[in-house]
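I have placed the structure first, in the form of structure tokens, so that the comments after it can refer back to it.
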Amino acid sequence: MDTEKLLKEIREKIDELVEKAKEAGAEAREEMEDVIEDLKKQRDKLEDKLQDFKTKNEPKFEEAKFHLRKAAEELEQAVKKMFRKGPGATEV
């Protein structure tokens, strides 16, 4: 699962907790609100770290994607070659 998707799910779960807290009794609601605030702080911290990582590593990330794409293409060619092996198989 990628990080963006995970963060989206966390936001959705927090929103669900907010709605449940509205329906809870006073004591339970107060406790839930404290937990929700802690979760929001942790989520914000994670989002900040992700953004910081992206900013610092964008050039490296783009280069890595290029190399991964090239490796995937080479692997695909190797698999095709393997399935064509037999009399008359040629290099790709």
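Between the helical axis of 26-84 and the dominant principal axis of the chain, each derived from Cα atoms, what acute angle in degrees is found, rounded to the nearest 10?
0 degrees
Compute log10 of I(q)/I(0) for segment 3-84 with the Debye formula, placing one identical point scatterer on every Cα and leaving out solvent, at q = 0.15, 0.17, 0.23 Å⁻¹, to two decimals.
Debye curve over Cα of segment 3-84, log10 I(q)/I(0) at q = 0.15, 0.17, 0.23 Å⁻¹: -0.71, -0.79, -1.03.
With a Förster radius of 41 Å, plug the Cβ-Cβ distance of Asn57 and Glu19 into 1/(1 + (r/R0)^6) and report the FRET value to the nearest 0.05. Let's see the in-between values first.
On the way: r = 36 Å, r/R0 = 0.89.
The formula returns an efficiency of 0.65 here.
Quick note: the coordinates plus some simple rules give every number you see, no bench work behind them. This is a predicted model, so every value here is computed, not measured. For neighbour counting, all protein chains shown are included, and Cβ atoms are generated from backbone atoms with ideal geometry for every residue, glycine included.
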